[in-house]
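K.L.:
The structure follows.
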Amino acid sequence: MDEDRPQYDAVVIGAGFAGMYMLKTLRDAGFRVRAFERGGDVGGTWYWNRYPGARCDIESLYYCYSFSEELQQEWRWTERYPSQPELLRYARHVAERFDLRRDISFRTEVRAASYDEAHDRWAVRTDDAELTARFLITAVGCLSATSTPDFPGIDTFRGEAFHTGRWPHEEVDFTGKRVGVIGTGSSGIQAIPVIAEQADHLTVFQRAAQFSVPAHNHPLSDQEQRRVKADYARLRAEARMSPSGILCERLEVNAVDVPREELRAELERRWRIGGTTFCAAYPDTLRDLAANELSAEFVREKIRATVRDPETAELLCPRDHPIGTKRICVDTDYYATYNRPNVSLVDLRKHPIAAITPAGLRAGDREFELDAIVFATGYDAMTGPLNRIDIRGTGGRRLADEWAAGPRTYLGLACVGFPNLFTITGPGSPSVLSNMIVSIEQHVEWIGAHLVHLREHGVRRSEADAEAQREWGEHVDEVAAATLYPRAASWYTGANVPGKPRVFMPYIGGVGTYREICDGVAADGYRGFRLTTG
Ligand code: NA7
């Protein structure tokens, strides 16, 4: 037996949409692969996020794999935006259709991985086994490490407590209960209208208000499906080369140069279409504060026109960040929910949460008695899921230490000092600023082709070059600095997690541009990577 030969060619961490496709791609290319998934089944985000109203903010017909023509033709979506149960059904269908489960260990967490320099392979430790693999590929998701603020007394609460990103698999019924929701990001905004219908009383605890645009969700007709499916080849190709992997009409004129009436009509039209592309109309919306304010004020007017109590309406009007610089929320009846007699809004800016108490919570000097608390408080995004694994590269360096001042990567795919490690949708790639599935497919296909190249050329070690990584980091920063994004205290910047370094993590240069860069790197014999044969 060859001592040098690792047990696996590759270990994949995670079996969400990224992990499943990575596993399939490598297996099809003849590699020996094992995937580890801490959940009880495939689906990743859509396995965990079972909170009431959980739904993707990208349209069904585009938030799905494009790698298999048969798959994309045969699967039938039921609504414009896919609900969590439907997405989970889709993930399970994919696992079955491509027989993926046989190579996945479920309910198994990868705890640690260290690079064995003598053999150029990774030693991986799960909670019940140790194994070796030439390559380690992380498919851990960008929003999988939940963040719950360390409120004093949090463990003393006698009622039920939930985090939206770790929702129980059993049905949760809020009927007749006094419920508190802390957090008004995408998760809170989706859950609040549904919980309000069940609960006896719902109190929403809001720190910063966020901008939300209506989903206008509706059942998908057969005709609509047929139209898109018949044109998939073109639509998918266009999405891959677009700025965000999402197709929408983008105007070439700046908002500030458009006559006000015309601008209002255009924003009104977009509001009626709904969805995340509301801010994509004008090129200056995310670059120029004056332009941004035109769209922001339009949404505030919608809020005032919807919410009957003027004080509540004002409180719901976001003022602390330019619109679009925190991921815009997509809702069904969010603002109108505040017209219900059983819903109240608490301003945490005025009355910060002082403590969670056995009977509820104390905000400022006000006591709230609650039977259930929902923490919709978000995630230690992008770096969190990776830093929580004890990953050690050459010389025993820890990834979490290397990233102590913020993540540093080459293309969001690889890191200096961590050979043969590839990070799907890692920090420094467009990932969270895009249709995730488009970004996942691009990364998976790039990594798959890279590993085939290494095999064909007898390369046992592929590592990002320090100079290439430094230049990429500068480029990521420079592109972000030209936008309004870094101004928001968002999870894109780490500002939502106390103590996390404030660095704008994703690459905002565009999905299509990024794809061209990655393809160019590959075409140049993997420029910026040091490849060691032997
Ligand atoms: P988000 O968007 O990070 O939202 C978290 C919410 O929780 C947000 O309203 C926060 O207020 C609030 N929060 C966080 N910490 C606290 C504390 N300590 N006190 C009070 N309120 C707090 O997470 P989501 O899960 O909603 O969405 C994540 C992404 O998933 C989303 O962007 C989509 O891409 C899908 P803040 O704004 O920080 O004042």
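K.L.:
Looking only at the stretch 373-391, how many residues end up being surrounded by fewer than 21 Cβ atoms within 10 Å (Cβ to Cβ) and over 18 Å from the mean Cα position of the chain (by Cα)?
P.N.:
2
K.L.:
Continuing with the same structure: If you go through the stretch 425-452, how many residues are away from the ligand (no atom under 16 Å from the Cβ) and either over 23 Å from Arg134 (Cβ atoms) or in contact with a Phe, Trp or Tyr (Cβ under 7 Å, 6 or more places away or on another chain) (or both)?
P.N.:
The initial filter retains those residues of the stretch 425-452 that are away from the ligand (no atom under 16 Å from the Cβ), namely 426, 428, 441-452.
Restricting the remaining residues to those that are either over 23 Å from Arg134 (Cβ atoms) or in contact with a Phe, Trp or Tyr (Cβ under 7 Å, 6 or more places away or on another chain) (or both) gives 428, 441, 444, 447, 450-451.
Qualifying residue count, the stretch 425-452: 6.
K.L.:
Limited to the stretch 470-520, what total is found for residues that are over 18 Å from the mean Cα position of the chain (by Cα), among the aromatic types (Phe, Trp, Tyr) and within 15 Å of the ligand (Cβ to nearest atom)?
P.N.:
0
K.L.:
Looking only at strands (runs of 3 or more DSSP E) that fall completely inside the stretch 352-403, which ones have 3 or more residues that are within 16 Å of the ligand (Cβ to nearest atom)? Steps first, please.
P.N.:
Working: elements: 353-357, 360-363, 366-369, 372-375, 390-392.
Hits in the stretch 352-403: 353-357, 360-363, 372-375.
K.L.:
Give me the residue from the stretch 127-174 that is polar (S, T, N, Q) and within 16 Å of the ligand (Cβ to nearest atom) and, out of that set, farthest from the chain's Cα centre (by Cα).
P.N.:
First, the residues of the stretch 127-174 that are polar (S, T, N, Q): 132, 138, 144, 146-148, 156, 164.
The next check asks that each one be within 16 Å of the ligand (Cβ to nearest atom); those that pass are 144, 146-148, 164.
On the way: Ser144: 8, Thr146: 12, Ser147: 14, Thr148: 17, Thr164: 14 Å.
Here the residue is Thr148.
K.L.:
Let me ask something additional. So if I check each of Val12, Val42, which one is touching a helix residue (DSSP H, G or I) at 6+ places or on another chain (Cβ under 9 Å) and either of a type in the set (Gly, Ala, Ser) or in a strand (DSSP E or B) (or both)? Before you say what the answer is, go through the steps one by one.
P.N.:
On the way: Val42 fails: either of a type in the set (Gly, Ala, Ser) or in a strand (DSSP E or B) (or both).
Answer to the check: Val12.
K.L.:
Hey, another quick one. Quick check on my filter: what residues within the stretch 455-499 are part of a helix (DSSP H, G or I) and among the small types (Gly, Ala, Ser)?
P.N.:
We begin by selecting, within the stretch 455-499, every residue part of a helix (DSSP H, G or I); these are 455-456, 466-481, 485-487.
Of everything in the stretch 455-499, those that are part of a helix (DSSP H, G or I) and among the small types (Gly, Ala, Ser) turn out to be Ala466, Ala468, Gly473, Ala480, Ala481.
K.L.:
I'm checking my understanding of the structure. Among residues of the stretch 14-31 that are of a type in the set (A, V, I, L, M) and within 22 Å of the chain's Cα centre (by Cα), which one is farthest from Asp103 (Cα to Cα)? Show your work before the answer.
P.N.:
Kept after step one, since they are of a type in the set (A, V, I, L, M), are these residues of the stretch 14-31: 15, 18, 20, 22-23, 26, 29.
After this cut, where a residue has to be within 22 Å of the chain's Cα centre (by Cα) as well, the list is 15, 18, 20, 22-23.
On the way: Ala15: 10, Ala18: 15, Met20: 10, Met22: 12, Leu23: 8 Å.
Top of the filtered list is Ala18.
Listed here are the residues, each with its yes/no results for (1) small (Gly, Ala, Ser); (2) over 30 Å from Tyr90 (Cβ atoms).
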{"residue": "Pro430", "(1), (2)": "no, no"}
{"residue": "Ala449", "(1), (2)": "yes, no"}
{"residue": "Leu454", "(1), (2)": "no, yes"}
{"residue": "Ser462", "(1), (2)": "yes, yes"}
{"residue": "Ala466", "(1), (2)": "yes, yes"}
{"residue": "Asp477", "(1), (2)": "no, yes"}
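K.L.:
Among the listed residues Arg308, Arg319, identify the single one that is over 24 Å from Lys177 (Cβ atoms), among the charged types (D, E, K, R) and either more than 16 Å from the ligand (Cβ to nearest atom) or surrounded by 15 or more Cβ atoms within 10 Å (Cβ to Cβ) (or both). Reasoning before the result, please.
P.N.:
Working: Arg319 fails: either more than 16 Å from the ligand (Cβ to nearest atom) or surrounded by 15 or more Cβ atoms within 10 Å (Cβ to Cβ) (or both).
Of Arg308, Arg319, the one residue that is over 24 Å from Lys177 (Cβ atoms), among the charged types (D, E, K, R) and either more than 16 Å from the ligand (Cβ to nearest atom) or surrounded by 15 or more Cβ atoms within 10 Å (Cβ to Cβ) (or both) is Arg308.
K.L.:
Turning to a different aspect of this structure: When the residues of the stretch 261-286 are filtered to those that are in contact with a strand residue (DSSP E or B) (Cβ under 8 Å, 6 or more places away or on another chain) and part of a loop (DSSP other than H, G, I, E, B), which remaining residue is surrounded by the most Cβ atoms within 10 Å (Cβ to Cβ)?
P.N.:
By that ranking, first place goes to Gly275.
K.L.:
Could you list, in sequence order, all residues of the stretch 175-209 that are near the ligand (Cβ under 6 Å from one of its atoms), under 12 Å from Val346 (Cβ atoms) and of a type in the set (S, T, N, Q)?
P.N.:
Of everything in the stretch 175-209, just one residue is near the ligand (Cβ under 6 Å from one of its atoms), under 12 Å from Val346 (Cβ atoms) and of a type in the set (S, T, N, Q), namely Thr184.
K.L.:
Look through Asp371, Asp380 and report the one residue that is under 20 Å from Cys142 (Cβ atoms) and among the acidic types (Asp, Glu).
P.N.:
Values: Asp371 fails: under 20 Å from Cys142 (Cβ atoms).
Criteria check complete, one pass: Asp380.
K.L.:
If Thr325 satisfies every condition in (1) of a type in the set (Ser, Thr, Tyr); (2) touching a strand residue (DSSP E or B) at 6+ places or on another chain (Cβ under 7 Å); (3) assigned to a loop (DSSP other than H, G, I, E, B) but one, which is the exception?
P.N.:
(2)
K.L.:
Name the residue that is surrounded by the fewest Cβ atoms within 10 Å (Cβ to Cβ), counting only residues in the stretch 404-447 that are part of a strand (DSSP E or B) and of a type in the set (A, V, I, L, M).
P.N.:
Let us first name the residues in the stretch 404-447 that are part of a strand (DSSP E or B), namely 410, 414, 421-423, 427, 429.
The next check asks that each one be of a type in the set (A, V, I, L, M); those that pass are 414, 421.
Details: Ala414: 27, Leu421: 24.
Only one residue fits best here, namely Leu421.
Okay, residues lined up against (1) among the β-branched types (Val, Ile, Thr); (2) outside the structural domain of Asp116 (by TED's automatic domain parsing):
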site	(1), (2)
Glu367	no, yes
Thr394	yes, no
Arg397	no, no
Asp401	no, no
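K.L.:
Residue under question is Ile353, and the condition is that it be farther than 22 Å from Gly53 by Cβ, of a type in the set (Val, Ile, Thr) and not assigned by TED's automatic domain parsing to the domain that holds Ala113; does it hold? Explain how you work it out, then say what you get.
P.N.:
Values: farther than 22 Å from Gly53 by Cβ: yes; of a type in the set (Val, Ile, Thr): yes; not assigned by TED's automatic domain parsing to the domain that holds Ala113: yes.
Yes; evaluated as a whole, the condition is true for this residue.
K.L.:
Could you please let me know if Arg319 is modelled with pLDDT of 95 or more, of a type outside the set (A, V, I, L, M, F, W, C) and in a helix (DSSP H, G or I)? Before you say what the answer is, go through the steps one by one.
P.N.:
Details: modelled with pLDDT of 95 or more: yes; of a type outside the set (A, V, I, L, M, F, W, C): yes; in a helix (DSSP H, G or I): no.
The answer is no for Arg319.
K.L.:
Go through the residues of the stretch 217-235 one by one and say whether even a single one is in a loop (DSSP other than H, G, I, E, B) and surrounded by 17 or more Cβ atoms within 10 Å (Cβ to Cβ). Lay out the reasoning, then the answer.
P.N.:
At the first step, the residues of the stretch 217-235 found to be in a loop (DSSP other than H, G, I, E, B) are 217-218, 220-221, 231.
Adding the requirement that they be surrounded by 17 or more Cβ atoms within 10 Å (Cβ to Cβ) leaves 217, 220.
Yes, the conditions are met somewhere in the stretch 217-235.
K.L.:
Looking at the stretch 328-370 only, could you name the residues that are at pLDDT 95 or above and charged (D, E, K, R)?
P.N.:
Asp331, Asp333, Arg340, Asp347, Arg349, Lys350, Arg362, Arg366, Glu367, Glu369
K.L.:
For the stretch 339-350, what are the residues that are surrounded by 15 or more Cβ atoms within 10 Å (Cβ to Cβ) and within 15 Å of the ligand (Cβ to nearest atom)?
P.N.:
Leu345, Val346, Asp347, Leu348 - these are the residues of the stretch 339-350 that are surrounded by 15 or more Cβ atoms within 10 Å (Cβ to Cβ) and within 15 Å of the ligand (Cβ to nearest atom).
K.L.:
Please find, among Ser66, Ser60, the residue that is surrounded by 21 or more Cβ atoms within 10 Å (Cβ to Cβ), of a type in the set (S, T, N, Q), part of a loop (DSSP other than H, G, I, E, B) and outside the structural domain of Glu197 (by TED's automatic domain parsing). Give the steps one after another, and end with the answer.
P.N.:
Numbers: Ser66 fails: surrounded by 21 or more Cβ atoms within 10 Å (Cβ to Cβ).
Matching residue, one of Ser66, Ser60: Ser60.
Each row is one residue, and each column tells you yes or no for (1) crowded, with 20+ Cβ neighbours inside 10 Å; (2) modelled with pLDDT under 95.
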| site | (1), (2) |
| --- | --- |
| Cys248 | no, yes |
| Asp288 | no, no |
| Ala291 | yes, no |
| Val299 | yes, no |
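The values are calculated or read from the model by the stated rules, or taken from the named source; none is laboratory data. Note that this is a predicted model, so its numbers are computed, not measured. FYI the Cβ positions are ideal-geometry reconstructions off the backbone, even for glycines, and counts take in every protein chain you see.
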